[in-house]
Amino acid sequence: MKSVLATLILVAVSVFLYFACVTSYIFNYQSKGNSVAAEIRVEQGDSLAAVARKLRAQKLIKNERLFLLWARFRGLETRIHLGLYRFEAPVGAREILDRLATGQGVFHKITIPEGLTVNEIAALLGKMQVADGEKFLAAASEPELLASLGLLNRGIEGYLFPSTYYFTPSTPEKNIVLAMAEQFRKTSAQVLERSNGAHRLTPHELITLASIIEKETGIEAERPLISAVFHNRLRLSMPLQSDPTVIYGLKDFQGNLTRKNLQDPSPYNTYRVPGLPPGPICNPGLSSIKAALEPADVRYLYFVSKNDGSHQFSESLEAHSRAVKTYQPVAPPAPRNKTYARRR
């Protein structure tokens, strides 16, 4: 009996060692045939077996069955993420499985700057080959999508948050819109919740004002001051006279705001239309949203560009006129950045 037991133990140990060696070989197998990166795409409906076949076809794994058994043993069979995966040879099967299970695929990184319009975001996505610009605009105007966001009667302008995003190739344009809108909701929710009718403005009006602030200055410290000017004007029923609002309403702005442009009948022309425009003129960042809610405690009613990105603020028309003579004796062409030459 001892002899039989010893034999059985020896056989069991041998089988275990054999299986361990085979498994180690399989999962540490690194293709020497692939000198370039290999890619596979995990698509909707792909089973783990289908993924394993793709890996085998690219010579990234040696044995499909062992790969499947190992994935099932680790409980990862149903945790494989969709997307495009690129593997720089050589790479082991264990690392491949880990990357598939954690979704470490190929991503496009794109940074959406503060102050872009929806059209400009679409153009940037197209330029960076992240998405089709036209399809993005179409998705952003879908009534069903807007209704799901509570923006059916407002539009998406102003509600796409400027930030850095990571999208897998072929991410549907609708999903990109939703990701940016959700980021806006998460980031601005706490700020807007504090508003509670502050300054007699609705949340939509606050975002509209924030978008104007965003376009008027790129200097952080100036945003509460710009905000104060517009709040003061709204309180006194003075027209906002904001150049960026006029530009937003023009169908074909050539880069130089003219007197004729200031007479444009657009509802965004705050030289002619009292109060705020009907909606945001860009997608503002959090700093501008906070500034719209918390203007500086000053009595400024005017500001003029110093032509260096900053502004001179004034409480009276007389002081403002002096500042205009100092900084803009001859009205220069409108700068190409956020801050426009203005005589307010």
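The values are calculated or read from the model by the stated rules, or taken from the named source; none is laboratory data. The structure displayed is predicted, hence computed values, not measured ones. Glycine gets a Cβ as well: all are built from the backbone with ideal geometry, and neighbour counts include every protein chain shown. Keep in mind that these areas ignore ligands, DNA and RNA; they rest on the heavy atoms of the full protein, side chains included. Shrake-Rupley method; radii C 1.70, N 1.55, O 1.52, S 1.80 Å.
Rolling a 1.4 Å sphere over the protein heavy atoms, what is the accessible area per residue of the chain, to the nearest Å²? Kindly include the intermediate steps, with their values, before the conclusion.
Working: 18860 Å² over 344 residues.
With the other protein chains kept in place, the chain gives 55 Å² per residue.
Given the -39500 (n - 2.57) contribution per DSSP H run of 4+ residues, what per-residue ellipticity at 222 nm results for the chain, rounded to the nearest 500 deg cm²/dmol?
Working: 13 runs with 156 residues, N = 344.
Calculated from helices alone, the mean residue ellipticity at 222 nm is -14000 deg cm²/dmol.
Quick one: how many Å² of residue 308 are accessible to a 1.4 Å probe, rounded to 10?
Accessible surface of residue 308 is approximately 110 Å².
Using a probe of 1.4 angstrom, how much of the accessible area of region 205-262 is carbon and sulfur, in percent? Walk me through the numbers before you get to the answer.
Details: 1240 of 2450 Å².
Taking all protein chains in place, region 205-262 shows 51 percent carbon and sulfur surface.
Taking the Cα atoms of region 256-336 alone, what are Rg (to one decimal) and Dmax (as a whole number) in Å?
According to the Cα coordinates of region 256-336, Rg and Dmax are 14.7, 35 Å.
Can you find, among 166, 202, 266, the residue farthest towards the positive end of the dipole of the chain? Put +1 on the C-beta of Lys and Arg, -1 on that of Asp and Glu.
166
Rounded, prolate or oblate: which fits region 69-108, taking a ≥ b ≥ c as square roots of the Cα gyration tensor eigenvalues, rounded meaning a/c under 1.5, else prolate when a/b beats b/c?
Working: a/c = 3.30, a/b = 1.35, b/c = 2.46.
The shape class here is oblate.
On a C-alpha basis, how far is the centre of region 153-183 from the centre of region 215-262 in Å? Whole number, if you could?
26 Å
With only alpha-carbon atoms in the gyration tensor, what are the semi-axes of the equivalent ellipsoid for the chain, in Å, largest first?
On the way: eigenvalues 744, 78, 65 Å².
With the √(5λ) rule applied to the chain, the semi-axes are 61, 20, 18 Å.
Can you give me the solvent accessible area of residue 132 with a 1.4 Å probe, rounded to the nearest 10 Å²?
Residue 132 has an accessible surface of roughly 70 Å² with all protein chains in place.
So for 85, 248, what's the accessible-area order with a 1.4 Å probe, most first?
Details: 85 0, 248 70 Å².
Correct descending sequence by accessible area is 248, 85.
Over region 37-94, with every protein chain in place, what whole percent of the accessible area is carbon and sulfur at 1.4 Å, could you tell me?
Numbers: 1520 of 3340 Å².
Heavy-atom surface of region 37-94 belonging to carbon and sulfur, 1.4 Å probe: 45 percent.
Can you check what the net charge comes to around residue 39, using other residues whose Cβ is under 14 Å from the Cβ of residue 39 (Lys, Arg +1; Asp, Glu -1)?
Working: positive: 41, 54, 59, 86, 99; negative: 43, 88.
Cβ neighbours under 14 Å give a net charge of +3.
Roll a 1.4 Å probe over the protein heavy atoms and report the accessible area of residue 148 in Å², nearest 10.
90 Å²
Can you run phi through the Karplus equation (6.51, -1.76, 1.60; θ = phi - 60°) for region 141-151 and list ³J(HN,Hα) in whole Hz, with x for Gly and Pro?
Along region 141-151, the couplings run 10, 5, x, 5, 5, 4, 5, 5, 9, x, 10 Hz.
When the accessible area of region 128-173 is split by element with a 1.4 Å probe, what percent falls to carbon and sulfur? All intermediate terms of the calculation are to be shown ahead of the outcome.
Working: 1190 of 2410 Å².
Answer for region 128-173 is 50 percent, counting heavy atoms of protein chains only.
As an exercise, find the ratio Rg/Rh for region 252-295 from alpha-carbon atoms, using the Kirkwood inverse-distance average for Rh. Each step should come with its number before you reach the end.
Working: Rg = 13.2 Å, Rh = 12.5 Å.
Looking at region 252-295, the ratio lands at 1.05.
Which ³J(HN,Hα) values, rounded to whole Hz and listed in residue order, are derived for region 122-135 from phi using the Karplus coefficients 6.51, -1.76 and 1.60 in 6.51 cos²θ - 1.76 cosθ + 1.60 with θ = phi - 60°, glycine and proline given as x?
4, 5, 5, 4, x, 4, 7, 6, 8, 7, 7, x, 5, 5
In what sequence, largest accessible area first, do 128, 180 appear using a 1.4 Å probe? Each step should come with its number before you reach the end.
On the way: 128 95, 180 0 Å².
Solvent-accessible surface, decreasing: 128, 180.
Quick one: net charge around residue 170, please, counting Lys, Arg +1 and Asp, Glu -1 for every other residue with C-beta under 11 Å from its C-beta. Write out the running numbers ahead of the final one.
Working: positive: 41; negative: 43, 132, 173.
Net charge around residue 170: -2.
Across region 29-177, what fraction of all alpha-carbon pairs, as a whole percent, falls in each successive 10 Å bin from zero upward?
Bin by bin from 0 Å, the calculated values are 10, 33, 24, 19, 12, 1.
To the nearest 20 debye, what is the magnitude of the charge dipole of region 216-300 about its Cα centre, counting +1 on the Cβ of each Lys and Arg and -1 on the Cβ of each Asp and Glu?
Approximately 300 debye in magnitude.
Nothing charged except the Cβ atoms of Lys and Arg (+1) and of Asp and Glu (-1): what's the magnitude of the dipole of the chain about its Cα centre? Round to the nearest 20 debye.
Numbers: 42 positive and 31 negative charges, 122 e Å.
Dipole size: approximately 580 debye.
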